[in-house]
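Okay, structure first, notes after.
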Amino acid sequence: MTEFYEAGEPLQDTKAPSGPIQGQWEARRFGVGLINPTNRRQRTVIVVGTGLAGASAAATMGEAGYQVKSFCYQDSPRRAHSIAAQGGINAAKNYRNDGDSVRRLFYDTVKGGDYRSRESNTYRLAQISTSIIDQCVAQGVPFAREYGGQLDTRSFGGVQVSRTFYARGQTGQQLLLGAYQALERQVAAGSVQVHTRHEMLDLIVIDGKARGMVVRDMVTGELETHLADVVVLASGGYGNVYYLSTNAMGCNTTAIWRAHRKGALFANPCFTQIHPTCIPVSGEHQSKLTLMSESLRNDGRIWVPLKAGDDRNPRQIPEEERDYYLERQYPAFGNLVPRDVASRAAKNQCDAGHGVGPAGRGVYLDFADAISRLGRHVIEEKYGNLFDMYQKITAEDPYEVPMRIYPAVHYTMGGLWVDYDLESSIPGLFVIGEANFSDHGANRLGASALMQGLADGYFVLPNTISDYLSKNPADAGLDASHPEALKALEVVRGRINTLLGINGGRTVDSFHKELGSIVWEYCGMERNAEGLRHAVGLIRGLKDEFWADVKVTGENEELNQALERAGRVADFFELAELMCIDALHRQESCGSHFRTESQTEEGEALRDDENYAYVAAWEFTGEGSPPRLRKENLEYENIELAQRSYK
């Protein structure tokens with residue numbers, strides 16, 4: 001197996017303070033270097049991405065007095081994919097007085113991630129969660145409220161308390177509008193410049209420090225160089241490597257992958273989350289999938305026919321001929337088991353012939369009991385927009401017949417390696433939100449993505465970035481004529497010319513679709529050594545074919561979506577290979593990473609803590625050279641390692 005990679009030096013996070021975990025964040029905040037408010041105007045910060053993490057970071061740093069340049073490839077910051085988040089945001093407020101606490105949120109997150117996350121970062125996330133809700137309420141985010149005016153909460157998978165705050169099925173949209181308002185306020189104040197329709201294509205590293213980037217104006221094709229004291233990546237995850245996912249079609253890995261090629265370590269790339277409640281694939285024509293919020297599992301019951309191959313109308317199948325398999329297998333958590341557990345259980349039912357719908361790739365999510373118990377008006381109030389969306393897509397009324405759902409790629413726990421300050425292995429390059437690896441281990445709990453994005457952007461980064469900026473200002477007079485800036489610009493221009501000059505016979509999308517099917521088949525919900533080795537070979541062969549036969553029409557000096565997609569898919573090829581190598585080297589099952597060779601007698605993920613309790617951080621060693629594996633050992637001092645059980 002080591003023919004695929006080479007071993008490197010051990011890795012350690014040196015920024016987390018020593019002492020009790022409860023006081024680490026306060027100690028770090030006190031220990032960072034500060035910058036006089038007047039001097040902050042002399043520091044420039046680039047932020048790539050305007051989702052919850054990027055918009056909140058840009059707004060907060062702009063308000064602090066820094067000069068901020070914000071970039072997004074969408075035509076408006078409001079189009080960031082955070083807007084698609086539905087179900088809610090976690091916070092340890094304990095409004096229900098049901099036993100929740102910061103420590104319980106910390107424990108649930110580490111356990112949900114199957115003990116593959118860093119304790120210090122995860123505890124800080126739980127601590128900050130309560131402040132996020134206060135911040136958003138102050139912004140006017142219309143969270144759902146109970147009759148008496150108290151903020152309402154509901155449950156999500158992997159927990160036994162109600163800690164998820166929500167705005168019907170539009171939580172991401174409402175939170176993003178709050179962050180967007182804060183961002184636009186700083187735009188009006190002159191501290192933030194927003195560059196829409198600009199895509200980052202390379203990172204500029206000068207004297208070992210991140211000092212800027214090369215971007216392409218997606219309307220005119222002009223290549224631009226932007227320099228700053230520090231660069232922040234908030235560009236989201238890489239789920240679209242699978243082609244079919246719940247991500248917006250524009251979501252890509254280019255920003256973080258280009259940084260990886262410049263020296264940023266990429267951590268745990270094989271940790272990709274499959275969401276259990278998505279509308280099943282309906283045919284070869286599809287280019288994306290649709291998420292149905294995990295919140296639906298609060299009131300919906302998941303079942304399949306007891307008899308394999310039973311294709312009767314679900315309302316004609318009596319109760320005694322149904323298998324509510326999650327309630328049967330996991331009585332303590334029922335339908336609210338974590339996403340990785342629910343997804344594998346659905347796949348197992350379908351593989352055994354109990355699936356429903358076309359090709360048997362679906363299970364039922366049934367609200368009949370909830371409608372009978374609570375009344376239709378209550379279900380409409382909670383989930384009305386989600387039910388409407390489902391009906392428009394499937395032409396089936398979920399108030400009358402059960403929804404059909406099946407797992408789909410949704411989120412990526414892997415990302416660029418960062419330390420406690422959210423700084424990557426390249427000094428001056430900070431990474432926040434889904435673009436980093438730091439908080440969720442091998443599986444993210446539902447409603448924790450919004451929590452992490454806003455924690456990083458509003459609270460963590462604005463505190464930690466000042467320590468770097470106070471000690472590492474860019475040289476006065478640094479401009480686009482610097483040799484490293486010119487070199488990066490030429491690399492980008494050369495790559496674009498190469499893509500345009502191939503003039504082959506296959507479309508970019510055909511390559512992307514084939515790549516996605518390979519990664520889904522061999523590095524999806526189940527993986528094994530034989531399949532992963534085979535996948536690496538297939539990916540390498542398809543990559544060679546791509547660079548020899550891809551057809552990119554048009555020119556650079558225009559709006560050219562074929563060129564945009566070609567660059568992104570080229571990066572997906574390299575990432576997909578690393579994902580499979582990472583999955584191959586980790587000979588254990590943990591969370592979303594399920595190796596069929598490593599499972600319990602009951603078919604659950606079987607970890608190997610003795611050999612794999614570490615973060616796998618991969619170093620780029622050059623074109624055609626094997627990646628270098630560096631390991632950050634995970635130490636658990638506040639939580640006892642145990643086999644996960646949701647029974």
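The values are calculated or read from the model by the stated rules, or taken from the named source; none is laboratory data. These numbers were taken from a predicted model, which means no experiment stands behind them. Glycine gets a Cβ as well: all are built from the backbone with ideal geometry, and neighbour counts include every protein chain shown. For accessibility, only protein heavy atoms count, side chains too; no ligands or nucleic acids. Shrake-Rupley method; radii C 1.70, N 1.55, O 1.52, S 1.80 Å.
Tabulated data for the structure shown
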item	result
Residue satisfying all of: in segment 415-431; in a loop (DSSP other than H, G, I, E, B) and of a type in the set (Gly, Ala, Ser); surrounded by the fewest Cβ atoms within 10 Å (Cβ to Cβ) among these	SER425
Tally, over segment 21-75, of residues that are under 22 Å from GLN173 (Cα atoms) and either basic (Lys, Arg) or open to solvent by 40 Å² or more (accessible area, probe 1.4 Å) (or both)	2
Residue in segment 521-543 that is farther than 30 Å from GLY603 by Cα, assigned to a helix (DSSP H, G or I), without any contact (Cβ under 8 Å) to a residue 40 or more places away in the chain and open to solvent by less than 30 Å² (accessible area, probe 1.4 Å) present	yes
Odd one out for GLU434, checked against (1) of a type in the set (D, E, K, R); (2) surrounded by fewer than 24 Cβ atoms within 10 Å (Cβ to Cβ); (3) within 28 Å of ARG154 (Cβ to Cβ)	(2)
Among the candidates THR553, THR600, residue that is β-branched (Val, Ile, Thr) and in contact (Cβ under 8 Å) with a residue 12 or more places away in the chain	THR600
Unmet criterion (only one of (1) closer than 30 Å to GLN135 by Cα; (2) open to solvent by 10 Å² or more (accessible area, probe 1.4 Å); (3) not small (Gly, Ala, Ser)) for HIS512	(1)
Segment 357-375, residues that are open to solvent by 10 Å² or more (accessible area, probe 1.4 Å) and not charged (D, E, K, R)	GLY357, PRO358, ALA359, GLY360, TYR364, ALA368, ILE371, SER372, LEU374, GLY375
Verdict on VAL304 being closer than 27 Å to VAL45 by Cβ, among the β-branched types (Val, Ile, Thr), touching a Phe, Trp or Tyr at 6+ places or on another chain (Cβ under 9 Å) and in a strand (DSSP E or B)	no
Residue match in segment 629-642 (condition: in contact with a Phe, Trp or Tyr (Cβ under 8 Å, 6 or more places away or on another chain), surrounded by 18 or more Cβ atoms within 10 Å (Cβ to Cβ), basic (Lys, Arg) and more than 30 Å from TYR330 (Cβ to Cβ))	yes
Candidate set: segment 382-399, residues that are open to solvent by 70 Å² or more (accessible area, probe 1.4 Å) and free of Cβ contacts under 8 Å to residues at least 24 places away in the same chain; chosen: the one farthest from the chain's Cα centre (by Cα)	ALA395
Candidates ALA562, ALA566, ALA570 - the one that is surrounded by fewer than 19 Cβ atoms within 10 Å (Cβ to Cβ), within 14 Å of LEU499 (Cβ to Cβ) and not acidic (Asp, Glu)	ALA562
Residue in segment 188-202 that is open to solvent by less than 50 Å² (accessible area, probe 1.4 Å) and over 30 Å from VAL141 (Cβ atoms) present	yes
Failed item in (1) among the hydroxyl-bearing types (Ser, Thr, Tyr); (2) open to solvent by 10 Å² or more (accessible area, probe 1.4 Å); (3) at pLDDT 95 or above, with SER282 passing the rest	(3)
Some residue of segment 120-132 being open to solvent by less than 10 Å² (accessible area, probe 1.4 Å), in contact (Cβ under 8 Å) with a residue 12 or more places away in the chain and outside any helix (DSSP H, G or I)	no
Residue satisfying all of: in segment 5-61; small (Gly, Ala, Ser) and more than 25 Å from the chain's Cα centre (by Cα); nearest to LYS471 (Cα to Cα) among these	GLY33
Odd one out for GLU224 among (1) charged (D, E, K, R); (2) in contact with a Ser or Thr (Cβ under 6 Å, 6 or more places away or on another chain); (3) without any contact (Cβ under 8 Å) to a residue 40 or more places away in the chain	(2)
Condition met for ARG328 (open to solvent by 40 Å² or more (accessible area, probe 1.4 Å) and not in a strand (DSSP E or B))	yes
Test: residue in segment 459-478 that is more than 29 Å from the chain's Cα centre (by Cα), part of a helix (DSSP H, G or I), farther than 26 Å from CYS136 by Cα and touching a residue at least 40 places away in the same chain (Cβ under 8 Å)	yes
Segment 230-250 - residue that is hydrophobic (A, V, I, L, M, F, W, C) and crowded, with 24+ Cβ neighbours inside 10 Å and, of those, farthest from TRP520 (Cα to Cα)	VAL230
Residue count for segment 575-587, restricted to those that are in contact with a Ser or Thr (Cβ under 9 Å, 6 or more places away or on another chain), in a loop (DSSP other than H, G, I, E, B) and crowded, with 22+ Cβ neighbours inside 10 Å	0
Residue under evaluation PRO462, criteria (1) open to solvent by 50 Å² or more (accessible area, probe 1.4 Å); (2) in contact with a Ser or Thr (Cβ under 6 Å, 6 or more places away or on another chain), criterion not met	(1)
Residue among THR272, THR277, THR290 that is of a type in the set (Ser, Thr, Tyr), in contact (Cβ under 8 Å) with a residue 12 or more places away in the chain and touching a Leu at 6+ places or on another chain (Cβ under 8 Å)	THR277
One residue from GLU490, GLU434 being assigned to a helix (DSSP H, G or I), under 30 Å from the mean Cα position of the chain (by Cα) and more than 30 Å from GLN349 (Cα to Cα)	GLU434
Residues within segment 400-414 that are open to solvent by 10 Å² or more (accessible area, probe 1.4 Å), assigned to a loop (DSSP other than H, G, I, E, B) and either within 13 Å of LEU233 (Cα to Cα) or not charged (D, E, K, R) (or both), tallied	1
Total residues in segment 493-508, condition under 30 Å from the mean Cα position of the chain (by Cα) and buried (at least 17 other Cβ atoms within 10 Å of the Cβ)	3
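Rundown of residues vs (1) small (Gly, Ala, Ser); (2) farther than 24 Å from CYS72 by Cβ; (3) over 14 Å from the mean Cα position of the chain (by Cα), yes/no style:
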residue	(1), (2), (3)
GLY208	yes, yes, yes
ARG211	no, no, yes
VAL215	no, no, yes
MET218	no, no, yes
ASN240	no, no, no
ASN247	no, no, no
THR253	no, no, no
HIS275	no, yes, no
PRO280	no, yes, yes
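Here is a yes/no grid of residues against (1) small (Gly, Ala, Ser); (2) in a loop (DSSP other than H, G, I, E, B); (3) out of contact with any Gly (no Cβ under 6 Å at 6 or more places or on another chain):
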| residue | (1), (2), (3) |
| --- | --- |
| SER282 | yes, yes, yes |
| LEU296 | no, no, yes |
| ALA332 | yes, yes, yes |
| VAL356 | no, yes, no |
| ALA359 | yes, no, yes |
| ASP369 | no, no, yes |
